[in-house]
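The values are calculated or read from the model by the stated rules, or taken from the named source; none is laboratory data. All of these numbers come straight from a predicted model, not from anything done at the bench. Cβ: placed from backbone, ideal geometry, glycine included. Neighbour counts: every protein chain shown.
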Amino acid sequence: MKPLASFLAWTGWAGRYLWSAWAGAAGLFCLAAAWQAGHEIYGSFVLPSPWETVLAVVALVHEASFAQAAMETASRALAGFALAVLIGTITGIVAGYSFATMRLTRPIVTVILGVPPIAWIVLALIWFGSSGGSAVLTVVVAALPISFAGGLQGVATRDRALDIMARSFGAGPWMRFRTVTLPHLVSYLFPAWTTTAGSAWKITVMAELLSNTGGLGGDLATARALFDIPRVMALIVVTVVFALCTEYVLLDPIRDRLERWREAGVPWGVRR
Amino acid sequence: MGREAMKLVLDGVGHAFFGRAVFEDVDLSLAPGEIVALLGPSGCGKTTLLQIAAGLVDPLRGRVRRAYRRHAVVFQEPRLLPWMTTHDNIAYGLRAGGAGRPPADAIARRGREVGLLAHDLDKYPAELSGGMRQRAAVARALAVDPDVIFFDEPFTAVDVGLKRSLQDLVIAAAAREHFSALFVTHDLAEAVRIADRLAVLSEGHRGFVTERRIEGRPGERDDRFIFDLVEAWSRDPAFAELFDSEREGLS
């Protein structure tokens, strides 16, 4: 009885989640319509039509070298994402708990935030040479402050009254973090993480293009040199699809599951 | 009764916030199964004294001696975790105490004791009414099987009829489970209904103005008796501060 009920609840949730993709698809098709209009005004050379781009994507995906380039970019983007999220979140949480750490680290983060990513690429090129390391470093440095700010804000705005309640029942620091602070923190961390995931792909491709280190960015540089505009558009579309996938396939379902209790607070009739 | 048999003894306790004394040299003890109501005008440090007794605040001066295994606190607000179901909230005290995951039927029984139905236990706090949330908070405290419960003005935010039934709930639980309790309130009638003894904290940080034993057992006193006693005591100079400060506040 119990497993069946929870399975049904899960399929219900999964169905609702997939169904909500229609709304997202509608938004994307509006964008495609505007793109088509642009194509009809300016012609194929400036802006290839969405259909031409789709054909170029199909051709691109069938190339032998594509899988390797995509893997390179994906592994760099994911490594950069993981490092940025890990370092940023942990230092952010520590800074949220300790006033001294916050006073020390905040100006550092502001400085990091102030340096343009393009300058980091130049520095990374000097330090790492033409390797994947420069792309990863650029992603980490550019995306870290967002997770840091999320962790810091989440911990700083935790509910002290609930913390005192937990303490009154003899809950230790780890139990209090897990049950009182963490569920609150999640609502600050997930927006930060989705932003980080999106920028990780963008910055990786940019760093690859500028440092000529292969991957999708390297392909983009070649396509630009050859004036192969449909191919340029196809590479952009592929990057965007990867970014969308990390957000809506990887991160969003987790957040949706963790934040089910919020839905309970919404009164009937206002739901969704 | 000797001081050794007491569940809780506060000995010459004093506290100050930023150098401004809240109260000084307060002695208070809690006998087994005894409910002591702590009264005082607002801002006199009732809640601070309760937090010191519950070990949530360290006193600046004096000593707190505890001779019991476990205590629980019921706060002015329910303080339920919004991301846990009512069931998990009631079980929270037990889990925090390191008891692991308690059996579901034990939690359901605690829920029934405070008037929560089985389907209420699956709801999140946001789906419960204010009174039901406070009931869940009382159930959470009772669930840890405490020897002492600290109540910090728990029923100020609920309406009169509900307040009465929540008071009855506490009286019944105390008669059943024999815990001691420190019940902070600013409502003299509530104190007279619920407590064995009451103590009035003064506003001028001089400690207690008066301590009175209330005749009879809680739950056995009728409304007439409570009304007459409250009437008589509100004319008593020892209780004057309770009512005077409210008048000053109005002017």
Checklist entry - What's the number of the condition B:GLY98 fails, among (1) more than 25 Å from B:GLY33 (Cα to Cα); (2) more than 9 Å from chain A (Cβ to nearest Cβ); (3) surrounded by fewer than 16 Cβ atoms within 10 Å (Cβ to Cβ)? => result (2)
Next on the checklist: Going residue by residue through segment B:140-159, is there one that turns out to be hydrophobic (A, V, I, L, M, F, W, C), away from chain A (no Cβ under 11 Å) and closer than 27 Å to A:ASP256 by Cβ?
Outcome noted: no
Checklist entry - Restricting segment B:47-74 to residues that are among the basic types (Lys, Arg) and within 13 Å of chain A (Cβ to nearest Cβ), which is farthest from B:ALA141 (Cα to Cα)? => result B:ARG66
Next on the checklist: Residue under question is A:SER211, and the condition is that it be more than 17 Å from the chain's Cα centre (by Cα), at pLDDT below 90 and surrounded by 18 or more Cβ atoms within 10 Å (Cβ to Cβ); does it hold?
Outcome noted: yes
Item to check | Hey, A:LEU209 part of a helix (DSSP H, G or I), within 14 Å of chain B (Cβ to nearest Cβ) and in contact with a helix residue (DSSP H, G or I) (Cβ under 7 Å, 6 or more places away or on another chain) or not | outcome: no
Checklist entry - If you scan segment A:122-147, which residues turn out to be in contact with a helix residue (DSSP H, G or I) (Cβ under 8 Å, 6 or more places away or on another chain) and either charged (D, E, K, R) or not in a helix (DSSP H, G or I) (or both)? => result A:SER130
Next on the checklist: Cβ-Cβ distance below 9 Å, separation of 6 or more or different chains: which pairs start in segment A:40-60 with a residue that is more than 15 Å from A:ARG224 (Cα to Cα) and surrounded by fewer than 19 Cβ atoms within 10 Å (Cβ to Cβ) and end on one that is of a type in the set (Ser, Thr, Tyr) and at pLDDT below 90?
Outcome noted: A:GLU52/A:SER44
Checklist entry - Which of the residues that make up segment A:148-168 are under 19 Å from the mean Cα position of the chain (by Cα) and within 14 Å of another protein chain (Cβ to nearest Cβ)? => result A:GLY154
Checklist outcome for this item: (1) crowded, with 20+ Cβ neighbours inside 10 Å; (2) part of a helix (DSSP H, G or I); (3) touching a helix residue (DSSP H, G or I) at 6+ places or on another chain (Cβ under 7 Å); (4) modelled with pLDDT of 90 or more all hold for A:MET165 apart from (3)
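B:GLU24: of a type in the set (Asp, Glu) and at pLDDT below 90, yes or no?
yes
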Checklist entry - Right, B:LEU30: within 14 Å of another protein chain (Cβ to nearest Cβ), surrounded by 17 or more Cβ atoms within 10 Å (Cβ to Cβ) and closer than 20 Å to B:VAL209 by Cβ or not? => result no
Next on the checklist: Out of the residues in segment B:75-90 meeting the condition of being under 25 Å from B:GLU153 (Cβ atoms) and more than 8 Å from chain A (Cβ to nearest Cβ), tell me which one is surrounded by the most Cβ atoms within 10 Å (Cβ to Cβ).
Outcome noted: B:ILE90
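For the condition within 25 Å of A:LEU251 (Cα to Cα), out of contact with any Cys (no Cβ under 9 Å at 6 or more places or on another chain) and either within 14 Å of chain B (Cβ to nearest Cβ) or surrounded by fewer than 16 Cβ atoms within 10 Å (Cβ to Cβ) (or both), what is the one hit in A:VAL111, A:VAL180, A:VAL140?
Numbers: A:VAL111 fails: within 25 Å of A:LEU251 (Cα to Cα); A:VAL140 fails: either within 14 Å of chain B (Cβ to nearest Cβ) or surrounded by fewer than 16 Cβ atoms within 10 Å (Cβ to Cβ) (or both).
Only one candidate qualifies: A:VAL180.
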Checklist entry - Can you pull out the residues in segment A:1-49 that are outside any loop (DSSP other than H, G, I, E, B) and either touching a strand residue (DSSP E or B) at 6+ places or on another chain (Cβ under 8 Å) or of a type in the set (Val, Ile, Thr) (or both)? => result A:THR11, A:ILE41
Next on the checklist: Within segment A:202-220, does at least one residue satisfy the condition of being farther than 23 Å from A:ALA124 by Cβ and touching an Asp or Glu at 6+ places or on another chain (Cβ under 7 Å)?
Outcome noted: no
Checklist entry - Which condition number in (1) surrounded by 15 or more Cβ atoms within 10 Å (Cβ to Cβ); (2) assigned to a loop (DSSP other than H, G, I, E, B) is the one that B:GLY43 fails? => result (1)
Checklist entry - Can you find even one residue in segment B:189-197 that is of a type outside the set (Ser, Thr, Tyr), touching a Ser or Thr at 6+ places or on another chain (Cβ under 7 Å), at positive phi and at pLDDT 90 or above? => result no
Checklist entry - Looking at segment A:7-23, is at least one residue more than 26 Å from the chain's Cα centre (by Cα), at pLDDT below 90 and of a type in the set (A, V, I, L, M)? => result yes
